[in-house]
1. Using a/c under 1.5 as the rounded threshold, could you call region 35-135 rounded, prolate or oblate? The axes a ≥ b ≥ c are square roots of the C-alpha gyration tensor eigenvalues, and prolate needs a/b larger than b/c, oblate otherwise.
2. Gain in length, residue 13 to residue 77, computed as 0.36 nm per residue apart minus the alpha-carbon separation, to one decimal in nm?
3. Between residue 49 and residue 64, with labels modelled 7 Å along Cα→Cβ, what's the label distance in nm to one decimal, could you check?
4. Give me the dipole magnitude in Debye, nearest 20, for region 34-140 about the Cα centre, with unit charges on the beta carbon: positive for Lys and Arg, negative for Asp and Glu.
5. Pairs 46/117; 76/149; 46/156: which exceed 31 Å Cα-Cα?
6. Shape call for region 19-82 from the C-alpha gyration tensor, a ≥ b ≥ c root eigenvalues: rounded (a/c under 1.5), prolate (a/b greater than b/c) or oblate?
7. Would you mind working out the magnitude of the charge dipole of region 102-185 relative to its Cα centre, with +1 at each Lys and Arg C-beta and -1 at each Asp and Glu C-beta, to the nearest 20 Debye?
8. Once the convex hull of the C-alpha atoms of region 91-149 is built, how many Å³ does it hold per residue, rounded to a whole number?
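Any read-out appearing in this document is the output of simple, stated calculations on the displayed coordinates, not a laboratory observation. Just so we're clear, the structure is a prediction, and the values are computed from it rather than from any experiment. Note that we place each Cβ from the backbone using ideal geometry, even for glycine, and neighbour counts take in every protein chain shown.
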Amino acid sequence: MYKIKKETKKNKTLNIEVLNLINEQLWLENHASFYYLKLSIDFNEKGFNGISNFFLTQSNEERNHMLKLMTYVMEKECTPTLPQYNFMEDDENEFNVLSHFENSLYNEREVTASIHKIVAKCKEVGDYTTENFMRWFVTEQREEENKFKEIIDNLKIIGNDGVGLYEINKNLLETNPVGPDSIGL
């Protein structure tokens, strides 16, 4: 987890509590990016190319969120604290498509709670600029949670139906094309 680090650059414009919460959010975005990258690899190994592409796209989105936050902190003449590691525990559980999506929704909800904490602190300290900046993340998280809930609902409807899982995989491949342009290369 993120450890609060003493601000090394003179904090020009951000409340230190807001800065610490944003730095914690950087850690969460980084963790989510690598978690989705791991899931992309896991699904690829099982032959689910569409779901693999979906998680690769999700990983890239989370990385972009981290970069957006980092850039904002630097624009405010402060120093972001970047995560120093990308530790991922080995998952010894049996491969389960529904469980992976449910765990992903749980992670998205943790990110949402963290973002709400930042917005609440901004309101408390009167940091209207950062509060306004964070509104994009509030909207983005609502969309992310809804996306995962829809996939989970569809997975529950199909149960163990291989044809249904094939269709979900195919749909995610079509809606998440992966190539150099789609992942920023």
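1. Prolate, since a/c reaches 1.5 and a/b exceeds b/c.
2. Answer, rounded to one decimal: 22.4 nm.
3. The two pseudo-label positions are separated by 2.3 nm.
4. 480 debye
5. 46/117; 76/149, as the Cα separations exceed 31 Å there.
6. prolate
7. 240 debye
8. Spread over its residues, the Cα hull of region 91-149 gives 72 Å³ apiece.
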